[in-house]
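Shown next, in structure tokens, is the structure this report addresses.
The values are calculated or read from the model by the stated rules, or taken from the named source; none is laboratory data. Model, not experiment: these values are computed from the prediction. Note that each Cβ is placed from the backbone with ideal geometry, even for glycine, and that neighbours are counted across all protein chains shown.
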Amino acid sequence: MLILTRRIEEEIKIGKDITVKIISVSDNQVKIGISAPNNVQIFRSEVYDKVIQNTVEATKTASTVKVDLSNYKIHKVK
Amino acid sequence: MKITTQKFGEIEIPENMVIVFQNGLFGFEDYTKFVLLKPDNSLFFWFNSVENPEIAFPLFGLRMIDEDYPQKENHEAFGIVTLNPDPLKVTINMKAPVFIDQDKKTGYQEILDNENFSLYYNLFVE
């Protein structure tokens, strides 16, 4: 992994189209601004990993689990 | 064309039923062709990869749960359903919807940056 030291307001370029800027730093948090083309998707890594895990779980259970829904109704968002 | 599904075995579908996901699904970027099946007796749509029969799961329309769920023009938002023998433990993914344009037969998946939408929303109540 490439490790760079940056100060507040300084930037990093990833290729010619992506810029990462350090906005602010506090005790245990860094605020980062990212400029990238629309077709570049940006995610928090832990969310991205959980999304994949969810799809894998759905795939694993899909063909094997039988569920009787006859006495249940859809749980609507209020 | 013939496709193999885990749920329905080998089935014959017209080629124009194939839905193209140019970027695939998160974690499964290599697979771009899917079919959306709706068995008469099923509450769910079944989403099957044409290229890999092991990638298949139920989908459910997110507007059926949340009337205000964000949708893009001509695209319907579906949530991936994780089944469980206990209906109260069946969940739907509201965080990373699958958007499908049924006319153009295209689709894509998105992750919504909104903490109100859960990855594991309980789909049923008694």
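Name the single residue, out of those in segment B:5-50 being assigned to a strand (DSSP E or B) and at pLDDT below 90, that is surrounded by the most Cβ atoms within 10 Å (Cβ to Cβ).
B:Thr5
Residues that are at pLDDT below 95, outside any strand (DSSP E or B) and exposed (fewer than 12 other Cβ atoms within 10 Å of the Cβ): does segment A:15-23 have at least one?
Checking segment A:15-23: not a single residue is at pLDDT below 95, outside any strand (DSSP E or B) and exposed (fewer than 12 other Cβ atoms within 10 Å of the Cβ).
Name every residue in segment B:60-81 that is within 20 Å of B:Val125 (Cβ to Cβ), without any contact (Cβ under 8 Å) to a residue 40 or more places away in the chain and in contact with a Leu (Cβ under 9 Å, 6 or more places away or on another chain), in order of residue number.
B:Tyr69, B:Ile80
Exactly one condition in (1) loosely packed, with under 11 Cβ neighbours inside 10 Å; (2) within 14 Å of another protein chain (Cβ to nearest Cβ); (3) over 18 Å from B:Leu123 (Cβ atoms); (4) among the charged types (D, E, K, R) is not met by A:Lys66; state its number.
(3)
Any chance you could count how many residues in segment B:101-126 are surrounded by 15 or more Cβ atoms within 10 Å (Cβ to Cβ), assigned to a loop (DSSP other than H, G, I, E, B), within 11 Å of chain A (Cβ to nearest Cβ) and in contact (Cβ under 8 Å) with a residue 24 or more places away in the chain?
5
Within segment A:42-55, which residues are of a type outside the set (D, E, K, R), under 19 Å from B:Phe57 (Cα atoms) and surrounded by fewer than 14 Cβ atoms within 10 Å (Cβ to Cβ)?
Answer for segment A:42-55, where residues must be of a type outside the set (D, E, K, R), under 19 Å from B:Phe57 (Cα atoms) and surrounded by fewer than 14 Cβ atoms within 10 Å (Cβ to Cβ): just A:Gln53.
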